[in-house]
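The values are calculated or read from the model by the stated rules, or taken from the named source; none is laboratory data. Being a predicted model, the structure only gives us computed values, none of them experimental. Note: ideal-geometry Cβ built from the backbone for every residue, glycine included; neighbour counts use all protein chains shown.
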Amino acid sequence: MSEHLEDIANRMVAEGRGILAADESSGTIKKRFDSINVESSADNRRDYREMLFRSPAMKDYVSGVILFDETLRQNADDGTPLAGLIADAGAVPGIKIDTGAKPLAGFDGETVTEGLDGLRERLAEYHDLGARFAKWRAVISIGEGRPTWNSVKANAHALARYAALCQEAGIVPIVEPEVQMDGPDAVHDIDRCLEVSQWALKTVFAEIYDAGIALDGMVLKPNMVVPGQKSGKSASVEEVAEKTISCLMATVPAAVPGIAFLSGGQGDEEATAHLSAMNAMFDPPWKLTFSYGRALQAAALKAWGGKAENVPAAQAAFAHRARMNGLAALGKWSPDLEREAA
Ligand code: 5MM
């Protein structure tokens with residue numbers, strides 16, 4: 001018998017654990033590998049991800065891993081499917097299922113995420129390959145006259161249609177409406193981020209309601225409320241935590257079991273500090289955890305550098321970041337712990 005959606009969703013946001021976003025598409029993983037001068041070949045991508053999934057830290061701090069299509073079909077060096085390594089570590093394998101954010105016709109500088117055509121059939125195949133959750137990322141950018149209502153509405157509608165198809169297939173949807181903190185003209189302040197994030201989330205949950213989504217069988221992956229990276233403005237950890245929570249309290253129904261944040265270009269320690277502060281300061285109705293890509297992998301990627309002899313050092317770097325974020329998911333991280341453990 002298939003596992004219930006709410007049981008999978010609860011496993012994905014289990015106490016003190018979070019999600020590893022390892023679903024970089026071909027272009028993004030190439031950029032990451034370029035930064036360490038490693039060729040982005042299928043074997044190198046496999047070796048890198050095998051290093052992460054075999055890390056002993058997986059079983060303690062990682063509840064789920066988001067994969068790119070190629071990775072879900074790859075085997076480790078000894079022939080074990082990579083998704084099998086994840087399941088053996090007690091984590092849920094998931095799949096990035098959208099086909100990317102594409103220019104929104106008639107709306108310069110805005111995108112709508114595509115991938116609905118043929119999605120029912122693709123979900124059935126991914127379920128057979130072992131995926132038990134999926135992820136779809138909508139990108140909302142802030143700028144002069146942006147976002148427009150058309151982009152907020154089109155992205156929210158697509159997210160809800162995707163979520164309905166996932167639940168029909170027995171797959172938990174991660175719903176990711178990312179209000180970007182970076183980009184060429186991210187000069188907005190934290191209050192503009194708050195305003196747009198609330199608008200995007202209200203619209204997403206209105207569409208989700210209309211589409212009849214079971215709220216207890218989904219996970220939300222939002223941005224934190226932060227100033228734009230090019231604004232020259234900063235915000236304290238407390239301000240980010242307070243404004244992010246106030247945004248979520250105003251928009252996310254309590255029946256959603258968990259919220260797993262993206263890191264969005266924040267520094268590793270910054271992303272950890274923000275998550276920990278939220279969990280320490282508030283007792284929200286949902287679990288608050290991480291679904292970080294860059295903020296979980298950056299140190300490990302650098303330590304690995306494409307060399308087999310660096311695997312132990314890379315796994316140690318990954319274990320450190322995963323443990324710090326596991327503590328943050330409990331509100332128990334501190335800068336002192338960060339330095340003691342390093
Ligand atoms: C790992 O990056 C994911 C895939 O991005 P592309 O489709 O652009 O290759 C991305 O969706 C990621 O899951 C989220 O943005 C969270 O990652 P960060 O690095 O922001 O925590």
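Residues in the range 160-191 that are within 13 Å of Lys221 (Cβ to Cβ) and free of Cβ contacts under 8 Å to residues at least 60 places away in the same chain: Ala163, Pro173, Val175, Pro177, Val179.
Report whether or not Glu121 is at pLDDT 95 or above and either within 16 Å of the ligand (Cβ to nearest atom) or of a type in the set (A, V, I, L, M, F, W, C) (or both). Break it down into steps so the answer makes sense when it comes.
Working: at pLDDT 95 or above: yes; either within 16 Å of the ligand (Cβ to nearest atom) or of a type in the set (A, V, I, L, M, F, W, C) (or both): no.
Here the answer is no, as Glu121 does not meet what is asked.
Of the residues making up the range 46-70, those that are surrounded by fewer than 23 Cβ atoms within 10 Å (Cβ to Cβ) and within 15 Å of the ligand (Cβ to nearest atom) are Phe68, Asp69, Glu70.
Determine which member of the set Gly84, Gly115, Gly16, Gly100 is within 18 Å of Asn325 (Cα to Cα) and touching a residue at least 40 places away in the same chain (Cβ under 8 Å).
On the way: Gly84 fails: within 18 Å of Asn325 (Cα to Cα); Gly115 fails: within 18 Å of Asn325 (Cα to Cα); Gly100 fails: within 18 Å of Asn325 (Cα to Cα).
Of the residues listed, the single one that is within 18 Å of Asn325 (Cα to Cα) and touching a residue at least 40 places away in the same chain (Cβ under 8 Å) is Gly16.
The residue list Pro222, Pro253, Pro257 contains one member that is surrounded by fewer than 19 Cβ atoms within 10 Å (Cβ to Cβ) and under 21 Å from the mean Cα position of the chain (by Cα), which is Pro253.
Which one of these does Ile97 not meet: (1) more than 14 Å from the ligand (Cβ to nearest atom); (2) touching a Leu at 6+ places or on another chain (Cβ under 9 Å); (3) under 18 Å from Lys221 (Cα atoms)? Failed condition: (1). On the stretch given as the range 19-42, residues that are within 11 Å of the ligand (Cβ to nearest atom) and not in a helix (DSSP H, G or I) total 7. Please indicate, with yes or no, whether at least one residue in the range 325-342 is within 16 Å of the ligand (Cβ to nearest atom) and assigned to a loop (DSSP other than H, G, I, E, B). Yes: one or more hits. Counting only strands (runs of 3 or more DSSP E) that sit wholly inside the range 80-188, those with at least 1 residues that are under 20 Å from the mean Cα position of the chain (by Cα) and either aromatic (Phe, Trp, Tyr) or crowded, with 22+ Cβ neighbours inside 10 Å (or both) are 92-96, 111-114, 133-140, 172-179.
Among the residues of the range 260-278, the ones that are surrounded by fewer than 22 Cβ atoms within 10 Å (Cβ to Cβ) and within 23 Å of Ile8 (Cβ to Cβ) come to 0 in all.
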